[in-house]
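Since every read-out is calculated from the coordinates, none of them should be taken as a lab result. Bear in mind the structure is a predicted one, so any value in this text is a computation, not a measurement. Neighbour counts run over all protein chains shown; Cβ positions are idealised from the backbone, glycine included.
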Amino acid sequence: MSAEKVKDKKSGNGSVGVISSIFAIIVGLIVGFIILLISCPNEAVGGFVTILTGALTHGTKGLGDVLYQATPIILTGLSVAFAFKTGLFNIGASGQVIVGAFASVTVGIMCKSLGGVHWLVALLASAVAGALWAIIPGLFKAVFNVSEVISCIMMNYIGMYFVNYMVKKTPAIFDNMRNQSKPVASTANLPKAGLDKIFAGSSANVGIIIAIIVVIIIYIILTKTTFGFELKAVGLNRDASRYAGINEKKSIILSMMIAGALSGLAGGMIYLSGTGKYIEVVDVLCDEGFTGISVALLGLSNPIGVLFAGLFIAYITTGGFYLQLYSFSTEIIDIIIAVIIYFSAFSLFVKNVIAKIKVKKELKAESKEGGNK
Amino acid sequence: MSVVYFVVQQMMLFSIPLLIVALGAMYSERSGIINIAMEGIMLMGAFAGTLFLKFTDGTMSGQLQLILAILISAVVGIVFSLLHAYASINMKADQTISGTALNMFAPAFAIFTARIVQPEHVQQVQFTNTFRIARVPILGDIPVIGDMLFKNAYITTYIGFVILAVATYALYKTRFGLRLRACGEHPQAADSVGVNVYRMQYAGVIISGALGGIGGLVFVVPTSTNFNATVAGYGFLAIAVLIFGQWKPIRILFASFFFGLMKTIAASYSGIPILVDLGIPSYFYKMTPYIATLIVLVFTSKNSQAPKAEGIPYDKGAR
């Protein structure tokens, strides 16, 4: 065990991170409650309880829906987190999602002869499309030093218009009456994998299991492989990594591609669920990409943290659906999430403070020990 | 000729908000604070401004009402930007995270509040546009220039140019500007000669808040008669303009003209005969501004003249 690892364990970085995330969540919920109180005092308590427990009030259906909601945002969250770990801010998840969605829907409609593996091929297509879409910001960053934040944002808009154009001009995909994509073949819908029996009436499917497997794979890549180590090293210091013999340009492009593949996969998951979601031809960026940023930040860019953060955000979003019983609009959920992210930025500071205090205590203890000897 | 006049008039409507917002972002970044919250700040400014326009409709003359609305947008922008300043200066938070949080907060807050405060309980804020100046007296009679700049114009265009002049002067010719720039390049050095770095950075962010708020309203008013909790990615485009303009005011002016032109082509190519004849699908025109941004960034990012200390929280203790 290296010296650094020992230090890490001593100062308990992991638990401090969790504490600061929980601190951010609590502050976010309090701010949400205050906003509810100001806007409509009589219904504030009822509305707040609905947000917190709404997902539980409909038995296993609610829980299954949480898993269904969590699937794409865990993947986009993982995408953003992976890029963060390698020193990149992938704000382009939105574009990668929609391009991935388009690829999966195209395969889902066109390639009907694939049979049992149809859905798997469609999912793979979405990941490949996402990865290809992310090459551009990766390449521009590596070769031309273009800020990936701006190029990713541009790619979001280009992706949105591109997919709208492609859907509209392909008669096999476009449903003229509803101005959206046609439904995919039934073989392309994600199988339920028995989850429909456990969570009766919900939309849960094999997607969540795949998402968890992907989380584990990414965790292993980042923490246990040389490849992951190189990516992280480039994220920490590009020049030092080059000096150490790492091909830093290749690393940047590859890590953008992996991030893009994860987001693309999320797009596939959304539109292959068979839950009545189609690619609508409207000029609106898709939400799941931006929720991914929240999930990654709340999960402290740690794959396992992302899993729980995704589940948490899906949980309060599902609770938010039941808010319609009250006079509040569901945007309160987005407000709460935004406040949580704002305070999770503080938690980096909180974390440092706690770590400093711990180090000081240790130093004192050590000097005392020394004195006693 | 009339097509050229039309294009220039339209271009101003897109370029001026970009110019104002990019100048705002410039002040923040040159003080050392990255502000990707411009999108959210614009949105909050536009929201407050349009709400004011809606509720004071018919109570005062058009131009006075617009100027008051602009002031309100600026104040709301400042208040909102203070959240970013506090997080990034006092708490030394990651500036990208804090900015992202504000960007997420703004649309949700605008929709939530619009539904509550408006009697119709809808998320769109409708307002009547009585602000278009068909022709400025005297100046409108100047050949060519009069047709381009002083017909079918908005007072906001001239406000934009005033802001440019003041911003350029303040940045390069005043003590304040020099100190602000020093904080963005080398805050430790600035501190060592007695400049209060934190105060300068607060000033930078507050200016970005004021101009961002104004820019939001200036964007919405000429192009629409209702505000639907979005400024269509203009805050982000403004940051691209800032980078393309290499953090310098006059270059930012040209960069925003460039993007304004691209945006004009995207929005009103159907009114430009030459482009209609080409028969290219409308989606390609819609993509043009974003593709152009990417290409331009490829050529300008290699020798980036970004402020050296931007994005790094200033810590007095670290020398």
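Here are the numbers for the structure shown:
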quantity: Over chain A, relative contact order from alpha-carbon pairs under 8 Å, at least 6 apart, %; calculated: 35
quantity: For the range A:21-141: rounded, prolate or oblate by the Cα gyration tensor [a/c cutoff 1.5]; calculated: oblate
quantity: Cross-link reach list, lysines versus A:LYS277, counting only Cα pairs under 23 Å and skipping chain neighbours closer than eight places; calculated: A:LYS61, A:LYS112, A:LYS168, A:LYS169, A:LYS182, A:LYS192, A:LYS197
quantity: In Hz, Karplus ³J(HN,Hα) per residue of the range A:182-193 (6.51, -1.76, 1.60; θ = phi - 60°; x = Gly, Pro); calculated: 6, x, 7, 4, 5, 5, 8, 5, 4, x, 7, 6
quantity: Peptide ranges A:119-128, A:104-113 listed from the most packed, as the mean C-beta count within 10 angstrom indicates; calculated: A:119-128, A:104-113
quantity: FRET efficiency estimate (nearest 0.05) - Cβ-Cβ, A:ASP283 to A:ASP196, R0 30 angstrom; calculated: 0.30
quantity: Assigned charges on the beta-carbon of Lys, Arg, Asp, Glu; chain A dipole about Cα centre (debye); calculated: 1160
quantity: Under 24 Å, Cα to Cα: Lys pairs in the range B:2-300, sequence gap 8 or more or different chains; calculated: 4
quantity: Peptides B:285-293, B:77-85, A:224-232, A:360-368 ordered by average Cβ neighbours within 10 Å, highest first; calculated: B:77-85, B:285-293, A:224-232, A:360-368
quantity: Average partner coverage of B:288-301, which counts Cβ from other chains inside 10 Å; calculated: 5
quantity: By average C-beta atoms within 10 angstrom, highest first, the peptides B:23-35, A:209-221; calculated: B:23-35, A:209-221
quantity: Rounded, prolate or oblate (a/c below 1.5 giving rounded, otherwise prolate when a/b exceeds b/c) for the range A:64-326 by Cα gyration tensor; calculated: prolate
quantity: Cβ-based charge dipole, the protein assembly as shown, positive-most Cα from A:LEU307, B:VAL79, B:GLY184; calculated: B:GLY184
quantity: Cα centroid of the range B:214-239 to Cα centroid of the range A:236-294, whole Å; calculated: 27
quantity: Label-point separation in nm, B:VAL193 to B:GLN63, each point 7 Å along Cα→Cβ; calculated: 4.3
quantity: Neighbouring partner chain Cβ atoms per residue of B:177-185, average, 10 Å criterion; calculated: 0
quantity: Mean-position separation - Cα centroids, the range A:138-190 and the range B:20-85, in angstrom; calculated: 32
quantity: Spin-label pair B:THR56/A:LYS368, simplified geometry with 7 Å Cα→Cβ offset, distance in nm; calculated: 6.5
quantity: Neighbourhood net charge (14 Å Cβ-Cβ; Lys/Arg +1, Asp/Glu -1) for A:LYS168; calculated: +1
quantity: Contact order relative to length of the range B:2-300, as percent, for alpha carbon pairs under 8 angstrom and 6 or more apart; calculated: 36
quantity: Two-site label geometry, A:THR57 and A:ALA240: point separation in nm, points 7 Å out along Cα→Cβ; calculated: 5.3
quantity: Dipole in debye (nearest 20) - the protein assembly as shown, about Cα centre, beta carbon charges: Lys, Arg +1; Asp, Glu -1; calculated: 1700
quantity: Relative contact order of the range B:79-152, defined on C-alpha pairs under 8 angstrom at six or more residues apart (%); calculated: 15
quantity: Extended-chain gain in nm, criterion 0.36 nm per residue less alpha-carbon gap, A:LYS361 and A:ILE19; calculated: 121.2 nm
quantity: Computed [θ] at 222 nm, deg cm²/dmol, chain B (DSSP H ≥ 4; -39,500 (n - 2.57); rounded to nearest 500); calculated: -23000 deg cm²/dmol
quantity: Neighbouring partner chain Cβ atoms per residue of A:290-299, average, 10 Å criterion; calculated: 2
quantity: Residue-averaged [θ]222 nm for chain A, counting only DSSP H segments that reach four residues, each worth -39500 (n - 2.57); calculated: -25000 deg cm²/dmol
